[in-house]
Every structure is written in C-alpha cells, then in structure tokens.
Amino acid sequence: MNQMADPVLQSKRALHVGGLAEEVKERTLRAAMIPFGPLKSIDIPMDYSKGSHKGFAFVEFHDADDAEECRYNMDGAELYGRTLHVNLAQPNQIKLGSNMAVWSTDEWFQKQAAARNGDEGKNGDLITKQTGGEDKDRS
C-alpha cells in the first residue's frame, strides 16, 4: 500500500466526540462506541487544573467504515443527558493566536538566526554564505 494514502485513511478512522458530561469515563465511552466496530484507541484530554477531562475525546477505529457508521449514528445522541457532537477529527493545525508558541516551529528559528546575521533576502528568504564567497538562495 502507498504510504501517502495511509495518513488519509487514518484521519477517516479518527473521530472527535464533543459534548461529554463530566461523569463520562473511558470505559463508558468505549461501551458506547464498540457496537460500531473494533476500537484502536480512545484519548480523553485532561484539564489538570480542574481534575477532570475537557469535555471531548478522540476515538480511533481500525476501519474507516466503522468510524463513519459511528459518526452517522452517534452524532446528536445523548450520553448522561448531554448531546454528543461526533465529527471526523481534524489534523493538528497551527493558527495565529493559537496556544502553540511561535518558536515551536523550525521556521521561526531560521528567521531569527537570519535576522541576527543580517542574511535575510528581499522576500524574507534565508541566504547562506558559501565558502567560495558566493551567496546562494536557500528557499
């Protein structure tokens, strides 16, 4: 199988389940999702300051068809009196104003290094100096 296709399949197997009540534990969520097919993993992010989960979870199935069947049947269903919102999980994306630090990407470090050395080109491209005295564009 082509390795480029694997992340696409994987993303169609992972679901974001929102609207979880505080009483929901992994065992409860597993019991609600297992009728649709074998589960690969369940991740319920914790809010350590409150000592409980954040109200959502990621559920990954072994098969994309099972995940779709779960999404179709469980979106809008109730669990512990709360309406569930079940959608395909989105890949982690960096957005301006997100909780991710600006220096967590290599691009930021490269720009900072270039700014310190005065090696930034017209369009913000990095330029490295070769030993032969030539400048070479590294974009």
| Sequence-distant residues sharing a close amide H with L79 (under 5 Å, placed H) | L84
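Quick one: length gained pulling E107 to D63 fully straight, 0.36 nm per residue minus the C-alpha distance? Don't jump to the answer; show the numbers that get you there.
Details: separation 44, 0.36 × 44 = 15.84 nm, distance 3.58 nm.
Gain on stretching E107 to D63: 12.3 nm.
Where does the charge balance sit around L84 when Lys and Arg score +1, Asp and Glu -1, over other residues with C-beta under 9 Å from its C-beta?
Values: positive: R82; negative: D75, E78.
That works out to -1.
Work through the residues other than K40 whose Cβ is under 13 Å from its Cβ and net out their charges, Lys, Arg +1 and Asp, Glu -1. Intermediate results must be reported in sequence, preceding the final value.
On the way: positive: K12, R13, R30; negative: D43, E60, D63, D66.
Neighbourhood net charge equals -1.
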| What ³J(HN,Hα) values, in whole Hz, does the Karplus curve 6.51 cos²θ - 1.76 cosθ + 1.60 give for the stretch 31-43 when θ = phi - 60°, with x put for Gly and Pro? | 5, 6, 9, 4, x, 8, x, x, 9, 8, 7, 9, 10
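Using the heavy atoms of the protein chains and a 1.4 angstrom probe, tell me the accessible area per residue for the stretch 49-91 in square angstrom.
Details: 2640 Å² over 43 residues.
Using a 1.4 Å probe on heavy atoms only, each residue of the stretch 49-91 averages 61 Å².
Kindly rank 12-20, 52-60, 70-78 from highest to lowest mean number of other beta carbons found within 10 Å of each residue.
Details: 12-20: 19.9, 52-60: 17.1, 70-78: 15.0.
Sorting 12-20, 52-60, 70-78 by mean packing, highest first, produces 12-20, 52-60, 70-78.
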| query | Amide H to amide H under 5 Å from H53: which residues, 5+ apart in sequence or cross-chain, H placed 1.01 Å off N in plane? | reply | D47
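The values are calculated or read from the model by the stated rules, or taken from the named source; none is laboratory data. In this text, all values refer to a predicted model and were calculated from it rather than measured experimentally. Here the Cβ is made from the backbone with ideal geometry for all residues, glycine too, and neighbour counts use every protein chain on show. Heavy atoms of the whole protein, side chains included, go into the accessibility calculation; ligands, DNA and RNA do not. Shrake-Rupley method; radii C 1.70, N 1.55, O 1.52, S 1.80 Å.
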